[in-house]
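These notes are about the structure you will find just below.
The values are calculated or read from the model by the stated rules, or taken from the named source; none is laboratory data. These numbers were taken from a predicted model, which means no experiment stands behind them. Heads up, the Cβs are rebuilt from the backbone with ideal geometry, glycines too, and the neighbour counts pull from every protein chain shown.
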Amino acid sequence: MASITEKSDSEDTAKVALWNNPKARALVFQVLLIGLILWSGWYMYSNLQANLERQNIASGFGFLNTTAGFGIIQALVPYSETSTFGTVFIVGLLNTILVSVIGIFFATMLGFLLGISRLSHNWVISKLATVYIETLRNIPLLLQIFFWYFAVLRSVPGKRDKWSLLDSFHLNIMGFHAPKPIFEAGSSFVVYAVIAGIIASFFIKRWSTKRQMETGQTFPVLWTSLGLIIGIPLVVFFAMGMPMHLDYALFKDTGSRLRQGFQAGHGMVLIPEFLALLLALSMYTATFIAEIVRAGILAVSHGQTEAASALGLRSGMTLRLVVIPQALRVIIPPLTSQYLNLIKNSSLAVAIAYPDLVSVFAGTTLNQTGQAVEIIIMTMLVYLFLSLVTSMFMNWYNAHMALVDR
Amino acid sequence: MKKIVLSTALGAAVAVAASTAGAATLDDIKAKGHVQCGVSQGLPGFSNTDDKGNWTGIDVDVCRAVAAAVFGDASKVKYTPLSAKERFTALQSGEIDILSRNTTWTMTRDTTLGLNFAGVNYYDGQGFMVRKDLGVKSALELGGAKVCTNTGTTTELNVADYFRANKLTYEIVAFEKADEVVQAYDTGRCDVYTTDASGLYAQRLKLAKPGDHMVLPEIISKEPLGPVVRQGDDQWFNLVKWTLFAMINAEELGVTSANIDDMKKSTNPAIKRLVGVEGNFGQNLGVSNEWAYNIVKQVGNYGEIFDANVGPKTPLGISRGVNALWSKGGLQYAPPVR
Ligand SMILES: N[C@@H](CCC(=O)N[C@@H](CS)C(=O)NCC(=O)O)C(=O)O
């Protein structure tokens, strides 16, 4: 007995010693945690496989190569009913990216405008911004989507009628119709000119910053860049004999009633499902961005502005060179979460038949194949990936803007 | 972060997969005291709530009949409204015991989803609805049309096949919820609304001006609609299957909810077996021998539920057509109770 007690005692002391070593302790916990995660992952996976098999539910990724058999209203890559479920995945993914990227662009523009307006000294402007923000921020997004889709759809002209602008842009219940640019031989030179212009502007900007640091002389970078990016390509465009024409939307109001209205294959059309989702997403997210921008600007102490004017900077320059760079440091991290929200909220598309990933893949494809597990995992990984890419980009931008100790 | 998301994903997936399949559904139902029935989110005549909030319809009556067979009380049903897209997952995961929601019996659904179709309570086919003022008389004139429908349905696939086979172009606008399809079609976003013909008659009632719309003569598919259960529980499958058969047999034998008490005294052996005076048919299903008596007494025979929910005297005004008994030139046929 005694010897056993002794032995365990000595073991105890050894353990206690290890226990007191924080490094070893942390290592043990981490190994345990990883082990636990791996084990539960494996356990759930094998359980899942067994259950699926027992219930006779098909599994595996073979379905990605089978024919989908249904139509999709908007596809950025060639798609027909004979395409595979794999192509459906791509179509849905691109539609999600399309509405998210454009939505983020408009939400940011509108958000900055609203945020600055709310701080405006002009009473009317600041109150208008306040009312806009407080109203739209507090109405559920899904309702706003329905509003833009159903309420607005009902008030635009029907299929056989239209509202037109300059005879080339038209709106009716079938969507927004615009001329489509058709590029001809030689137009590639215009594209090269634009690219060259962008690269040149980049170097000019660097050179002018350096020169300003050294000599204090300024250089009209903006105008030079505009000239390089727009002006020179325009010259190239005309020099090449205008290698582009516009394909206008074609509207017919004669013939059978079914075929009246805008004709397929002419011009470019943005479907109402896309427009409604885009409007709702950008107008809703803009309210949050506006508040973030306002907070960011308010976070820059007034002393900074005063110091800037004491140095003789004009108010535009103060905003651009002193206030905004400092405000951005406060703005960017929460702005990133708004971008992520917008991407994830785009999945509400399913409510109004916009064919995003959740609608055509996690919806229709799931229902036609019944392979819930594979499809949901793929869909979640896509959103995770999109979110991580956005975060990474914003983190990079944030690091770029961060305060550099000098 | 990634790990957490992934394991939640798998967790959710396991929750879906770890269900009561294989377990005795009937015992579970007896223990919990009600049948959990998956229905539509509102399709008049099939599954719809009335102004008092009670579910009615030919699909609802199938569930009520099952409850009558199990509990001797047709009211012991709880309903889960499901969109076309959600319905199969709800059944697979054990959230519902029976799916009775205008669901078409197809080979893919029968063989890959781990489900069994227990029969057909309504033989249907897909049709097209258009505005009368379009002047269209046949589906073959629909080239170039914009078509509204529900996602996750056979409808979506049939319409693609039909237009492709007839070399017609079309554009599909597919919504998840039926009410949104109706609304979009009503506002004029689409020229055509396509779904099961019965669904067209039902949904037409929801349009602003039902009289302005017509259903085209073409029926482009076979849509046998019926109740669905999970695969792997034969006892429960048998019970649902024979509930349907009992209603059809009752109609064939002239047994109705009104005369069934008198029929208990009938000398016809087939009727005696059906109403439970002779034989142990209920016991063999795992319920009481009064099972079919309770079904017909409380819910009605097949003809009665058809007439009450979708028949000529209802707003849907559908005639028996192919849903007449086989002995009257239709397709409804049930194996004998013996
Ligand atoms: N029978 C077809 C279509 C079923 C379907 O979902 N039909 C729609 C239109 S009639 C519907 O039930 N809507 C009612 C709802 O979604 O609640 C199928 O099984 O795929």
Exercise for review: Please go through region A:333-378 and pick out each residue that is under 22 Å from residue B:90 (Cβ atoms) and β-branched (Val, Ile, Thr).
Suggested key: A:350, A:358, A:360, A:364, A:365, A:369, A:373, A:375, A:376, A:377
Practice item. Starting from residues that are among the small types (Gly, Ala, Ser) and away from the ligand (no atom under 12 Å from the Cβ), keep the ones in region B:101-125 and report whichever is farthest from the chain's Cα centre (by Cα). Key: B:114
Review point. With respect to the numbered conditions (1) buried (at least 17 other Cβ atoms within 10 Å of the Cβ); (2) in the same structural domain as residue B:65 (by TED's automatic domain parsing); (3) assigned to a loop (DSSP other than H, G, I, E, B), which one is the sole condition not fulfilled by residue B:303?
Key: (3)
Revision key, fill the gap. Of the candidates A:320, A:294, the one satisfying the condition of being among the basic types (Lys, Arg) and within 22 Å of the chain's Cα centre (by Cα) is A:294
Practice item. Only residues that are within 16 Å of the ligand (Cβ to nearest atom), within 17 Å of residue B:96 (Cβ to Cβ) and not in a loop (DSSP other than H, G, I, E, B): list them for region B:204-241, please. Key: B:225, B:228, B:229
Practice item. Take residue B:252 and decide whether it is modelled with pLDDT of 90 or more, crowded, with 18+ Cβ neighbours inside 10 Å and away from the ligand (no atom under 16 Å from the Cβ). Key: yes
Study note, to complete from the structure: Cβ pairs under 6 Å, 6+ apart or interchain, first in region A:300-323 and surrounded by 11 or more Cβ atoms within 10 Å (Cβ to Cβ), second in a loop (DSSP other than H, G, I, E, B), ordered by first then second residue, are A:323/A:300
Check your understanding: Exactly one of (1) more than 7 Å from chain A (Cβ to nearest Cβ); (2) farther than 30 Å from residue B:93 by Cβ; (3) part of a helix (DSSP H, G or I) is unmet by residue B:168. Its number?
Key -> (3)
Check your understanding: With respect to residue A:46, is the statement that it is among the hydroxyl-bearing types (Ser, Thr, Tyr) and under 22 Å from residue B:89 (Cβ atoms) true?
Key -> yes
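Considering region B:126-140 alone, what residues qualify as being crowded, with 17+ Cβ neighbours inside 10 Å and not in a strand (DSSP E or B)? Outline the logic, then answer.
Start the filter on region B:126-140 by keeping residues that are crowded, with 17+ Cβ neighbours inside 10 Å, which leaves B:126-131, B:134, B:136, B:139.
Once the filter is applied, which keeps residues that are crowded, with 17+ Cβ neighbours inside 10 Å and not in a strand (DSSP E or B), region B:126-140 yields B:134, B:136, B:139.
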**Study point:** Hits in region B:181-213 (condition: at the interface with another protein chain (Cβ under 7 Å from one of its Cβ atoms) and without any contact (Cβ under 8 Å) to a residue 24 or more places away in the chain)
**Key:** B:183, B:187, B:188
Review point. Do we find that residue A:279 is touching a Phe, Trp or Tyr at 6+ places or on another chain (Cβ under 7 Å) and more than 30 Å from residue A:402 (Cβ to Cβ) in this structure?
Key: yes
Point to revise | Subset of region B:182-221 [within 23 Å of residue B:59 (Cβ to Cβ), surrounded by fewer than 24 Cβ atoms within 10 Å (Cβ to Cβ) and touching a strand residue (DSSP E or B) at 6+ places or on another chain (Cβ under 8 Å)] | key: B:182, B:197, B:200, B:201, B:204, B:207, B:215, B:219, B:220, B:221
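In the list A:324, A:343, A:377, A:297, which residue meets the criterion of being under 18 Å from residue A:105 (Cα atoms) and either in contact with a Lys or Arg (Cβ under 7 Å, 6 or more places away or on another chain) or assigned to a helix (DSSP H, G or I) (or both)?
So the residue among A:324, A:343, A:377, A:297 that is under 18 Å from residue A:105 (Cα atoms) and either in contact with a Lys or Arg (Cβ under 7 Å, 6 or more places away or on another chain) or assigned to a helix (DSSP H, G or I) (or both) is A:343.
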Exercise for review: Considering each residue of region B:150-186, count those that are within 15 Å of the ligand (Cβ to nearest atom) and over 17 Å from residue A:173 (Cα atoms), and give that number.
Suggested key: 17
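Among the residues of region B:59-73, which ones are surrounded by fewer than 20 Cβ atoms within 10 Å (Cβ to Cβ) and of a type outside the set (Asp, Glu)?
Scanning region B:59-73 gives B:71, B:72.
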Review point. Any idea which of (1) more than 14 Å from chain B (Cβ to nearest Cβ); (2) surrounded by fewer than 16 Cβ atoms within 10 Å (Cβ to Cβ); (3) farther than 30 Å from residue A:320 by Cβ is the one residue A:264 doesn't satisfy?
Key: (1)
**Study point:** Members of region A:52-76 found to be under 23 Å from residue B:230 (Cα atoms) and at the interface with chain B (Cβ under 7 Å from one of its Cβ atoms), listed by number
**Key:** A:52, A:54, A:55, A:56, A:57, A:58
Revision key, fill the gap. Picked from region B:64-100 (must be closer than 14 Å to residue B:236 by Cα and within 16 Å of the ligand (Cβ to nearest atom)), the residue nearest to the other protein chains (Cβ to nearest Cβ) is B:91
